[in-house]
Structure formats: C-alpha cells, structure tokens
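Q: Take this structure, written in structure tokens, and hold onto it; I'll ask about it next.
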Amino acid sequence: MRAILTTLTAILLLLPYPAFAQTVLRIGLNDDPDTLDPTISRAYPGRLVFAALCDKLFDVTPDLKIVPQLATGYEWSADRKAITIKLHPGVRFQDGEPFNAEAVKFNIERHQTTPGSFRKSEIAEIQSVEVVNDLTVRFHLSQPLVPLLAALTDRAGMMVSPKAAKALGDKLGTQPVCAGPYKFVQRVAQGKIVVEKVADYWDKGAFSIDRIEFVPITDSSSRLASLRSGALHMIERVSPTDLAEIRGDSKLKVTGVPELGYQMIPLNVANGPKSKLFADARLRQALDLAIDRETLVKTVFNGEYIAGNQFVSPASPYYDAKVPVGKRDVAKAKQLLKDAGQPTLAFTLVLPPERDRQEAALILQAMWAEAGITANLQTQENVTMLQSGRKGDFEAYFTFWSGRPDPDGNVYSFTTCKGAQNDQHYCNADVDALLTKARQVADQAERKKLYDQATEIMAKDVPRLILWHRRVFTGFSTRVQGFTPYPDGIIRFRGLKLAN
C-alpha cells in the first residue's frame, strides 16, 4: 500500500500544477452561436462568448450607464460631428500585438467595408477615423450620431487584432483574436466553445475563472437537467416554465431582469420571390389583429413576460402610449383577408427548436386558425434560420432581438430601407427620415416625438409582429459567486468566482 501511495504521489508531483488547480466554468447556451467575428456576427449566443473574448471601447453598467472599457474617456466636439476617444494604455491583443489608435482605426474601417457587415449601418455616420496619437483616436462624423456610444458598447466597439484579421480574412470567426480577458482555444461544432484566461491581460486580477466552456443545448429540459446534475454551472435564458423547479432546488439560484429587446416575427415584405404573399399590408394587419398578446404571455409564460407591440417595452420612456398593445379582433382580421382577396390565407412560419418559441408558435397557430389563417410551422436551427432570412428565403420567421441601451439600436437596423438586419426589405421613406433625424437629436423629448411618429406609421404598415418582452432569467449553481444580472442578459466575468 505504501509503495502504491508513493507511486501516486510521484505521478501527481510530475503533473503540471494547472492540471488539477484550474477553475472551469461551464455555461449552457440556448443556441449554437454563429461566427465568432464581431463584424459579421448576428446571433445572440455569440454575444455571451464575446463577453469573454472581446473587450469593447465601452460597456454598460447594470443600470445602463455607458462606461469606458478599452477607452478611458471621450469628448464630443461642440457641433457633435466629432468625438475624441482616449484609450487604455498597456493593452495587448491575445496574439501579443499592441492595442492602440491604429488598431481602432482598422477595426472601424473593417466594420464599414467588410461584405455582409452587420455593424455598417450602426456606425454609418463615421466619415473618417483620425489617429491623433498612439492612445488617442478621433471619429469624424458626416452628421451627429447620438447613439454612437451605445453602439460601441456592443460588437461595433469590439476590437480584433489587425494582424490576425489580415492573416485570416473571412476565416477570422474560426480563430478569433481579440483584446479580452479570455483567449479562444477551440470550437467543437454543436459541442462546445472553449476559452482560457489570458496570462498577461492588463486587468487579470479581476478574473478568477481559468477556463470557460460554452455548451449549446437547445432542449431546455436537458439544459436544466445538466444544471441540476452539476454538469453545468450556469444556464442562460431560463424558460419561465422551469423557474419553479430551480427555485425549489437548494443548490440552485435564479435571477431575472427586464430585457431591453423583444420577440418578433419579421414578415417578408419585398425580399425576393417569397415576398409576394405579405407585400399587401392588409394581410400583415390581419395577422396582427388575430393575436391576443396578453393571453399568449399568460398561457405560455405564466405571466412572467410583458406583452408588447413596439421596439421598446411599455416601461420605457420611449414607448408610444398612443399605440397600446391592441385587443384581438378576429372579425376585422377576417374582413381584411377578404378585402385582400385571401380569405383562407396560408403561410409558413420558420422557428428554431427552442421550447419558448415552439410553444408560443402553437398558440399563435391556433389563434390565427380562428381567423381563417393557416400557419405551417417549420423548425430550423437558429443560425440557418437567420441566414435564410437574410437571403429572403422565408415568408415569416420567429426570432428575437436582445436589445440595446439606446432605442436606435432596437429599430434603425431592422426598419430603415438599407438597414443591415432589415431582412423583410420593408421600406418607407417617411420612417427612414424620422429614424435618421432621431439619431441626430440629443434632446430626449424631441427624440421621443420622432420615434412616436415612426411607431404610428409602422403600426399601420406592420413589417413585423412584435409580441412580448422577456424578463431575462439566468439560472446558476450556488457555487457561482459574484454574479450580477444585466438587462442585456450577457454574463460578465469580472469578479465572477466558482467556489469549491
């Protein structure tokens, strides 16, 4: 026995220390992220991975104040057509390259010129980027852009290594190199994404987790079972139907905060041959009128979510009270269908295999059926669905937007004629003018008037069905310490610990 113990001790002493001391945090994702390139990323789960990989120029606090991250401060010009940003010294990308003003210039220009960029419309007003000195950069704007800082708190503000981006080109998303506290290690398709702590990160003392594994599990029951068994330490976007089980488990906790975004069904108005069906606004209005949002939320989500019909929630100061969540009117829906020559309308609704949207779609299907509308449900993996949406290969699809701290981030890209995420190709010159002007006006009361006018036009045009606003629930083991929920649902790793 002594000989065996001596041998085991010798083997353990030969092992590298991190092999048994490494702290590993495993997080269950609802969906598999799309590409891990901030410029062309679109799917929400990618933002959870980016929170570890890619620092941004700015971030938000839990109460949505914008604060510097890679930046240290900023100053607007008197006419608000230029902004000077000071950068944090001593920062390096994960490949050892320095983060500086030249790197910022490269990233902004990459967002603007990369084919398929989803960031282009978010920062379109940036006319040029001036390198003032190594740690100072100035953006010159074609016109004032009030939501610019808010855009820079997300993927538009994420910085990738210019050296890696030039070397990898459009393959950067397979081997991302950023300036965050964790570096990319591997990605197993439909399996997991692994990142590890950067040894020389400029603020490494604020991060105690050594390794993070992001595990996509689309089935919420399986995801919850993995949390309860200890195979996962955290799960994001917990379904309201799972809350009672988590709350009844002494080894688990759950927190929820109202989200900034909304759940929606874009309708193909003018994007390719599949747009012919919903080119008629009367058919879109009929779909909308056949829905009872309050009943939908109570039936599927136990009243934990908020019924909605606008790009901001009813709790937002930008919500237009003159366009409240409408009452269901089946008779009027039927009349609109008849007037449009489609009394027995049928269409295909594409949706991912997520339980919340699957169950909601069944309720919607039944509601529409009572108005003479047949919704054929087709399940697609989330990233595939979004790719099909961009190509116009859809009549309607069921998605969501996680939301931004400035209302512009919730509407401009989805609604303006050339918006990067306007898959439905909805285009109304009056709405474009209103939303563009709202980007240039700093006064909140004046901006609200502009958004109200746009909302009232869209309520008649119905380019998409906005259905509800979630409370974003995160479930986690009691071993997880230092977790603070944010309205964007993104898990921040600063100060997060995993107790033994």
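The values are calculated or read from the model by the stated rules, or taken from the named source; none is laboratory data. Quantities reported herein were computed from a predicted structural model and do not represent experimental measurements. Please note: Cβ atoms are built from the backbone with ideal geometry, for glycine as well, and neighbour counts cover all protein chains shown. The accessibility values were calculated without ligands, DNA or RNA, using every heavy atom of the protein model including side chains. Shrake-Rupley method; radii C 1.70, N 1.55, O 1.52, S 1.80 Å.
Q: So which of Lys327/Lys460; Lys65/Lys448; Lys120/Lys204; Lys65/Lys183; Lys65/Lys86 end up more than 25 Å apart, counting from Cα to Cα?
A: Checking Cα-Cα distances, Lys120/Lys204; Lys65/Lys183 exceed 25 Å.
Q: Related question: Let me check against my output: what whole-number percent is the relative contact order of the chain, with C-alpha pairs under 8 Å and at least 6 apart?
A: Computed over the chain, the figure is 20 percent.
Q: Counting Lys and Arg as +1 and Asp and Glu as -1, what is the net charge of the other residues whose Cβ lies under 15 Å from the Cβ of Val67?
A: The answer is -2.
Q: How high is the relative contact order of the stretch 28-83, in percent, counting Cα pairs under 8 Å that sit 6 or more residues apart?
A: Computed value for the stretch 28-83: 19 percent relative contact order.
Q: Then there's this: Determine the share of the chain's accessible area contributed by carbon and sulfur atoms, expressed in whole percent, with a 1.4 angstrom probe.
A: For the chain, the apolar C and S fraction of the accessible surface comes to 53 percent.
Q: Shifting gears a bit: In whole Å, how far is the Cα centre of the stretch 375-437 from that of the stretch 88-145?
A: 25
Q: Now for a separate question. Which order do the peptides 261-268, 346-353, 198-205 take when ranked by the mean count of other beta-carbon atoms within 10 Å per residue, highest first?
A: Top to bottom by mean Cβ count within 10 Å: 261-268, 346-353, 198-205.
Q: Sticking with this one: Give, as a single signed number, the net charge of other residues whose beta carbon lies under 10 Å from the beta carbon of Arg470, with Lys and Arg counted +1 and Asp and Glu -1.
A: Combined, the nearby Lys, Arg, Asp and Glu give -1.
Q: Sorted by average packing, counted as other Cβ atoms within 10 angstrom per residue and highest first, what order do 224-231, 361-368 take?
A: Descending mean neighbour count gives 361-368, 224-231.
Q: Next question, about the same structure. Pull up all non-local amide H partners of Arg92: gap of 5 or more, or a different chain, and H-to-H distance under 5 Å with H placed in the peptide plane.
A: For Arg92, whose amide H was placed from the backbone, the distant partners under 5 Å are Phe99, Trp202.
Q: Lysines near Lys166 by alpha-carbon distance under 16 Å, same-chain residues fewer than 8 away left out - which ones?
A: By straight Cα distance, Lys166 reaches Lys105.
Q: Further question on the same structure: So what's the net charge close to Thr455: Lys and Arg +1, Asp and Glu -1, counting the other residues with Cβ under 9 Å from its Cβ?
A: Local charge sum for Thr455: -2.
Q: Can you list the residues, at least 5 places off or on another chain, whose amide H is less than 5 Å from the amide H of Ile291, using H built in the peptide plane?
A: Residues meeting the criterion, in which the H sits 1.01 Å from N, are Asp329.
Q: Measuring from centroid to centroid over Cα atoms, what is the spacing of the stretch 61-83 and the stretch 334-364 in Å?
A: 43
Q: Can you work out the accessible area per residue across the chain, with the rest of the protein chains kept in place, probe 1.4 Å, in square angstrom?
A: 41
Q: Under the rule of at least 5 residues apart or a separate chain, name every residue whose amide H is placed under 5 Å from the amide H of Asp55.
A: Met159, Ala179, Gly180
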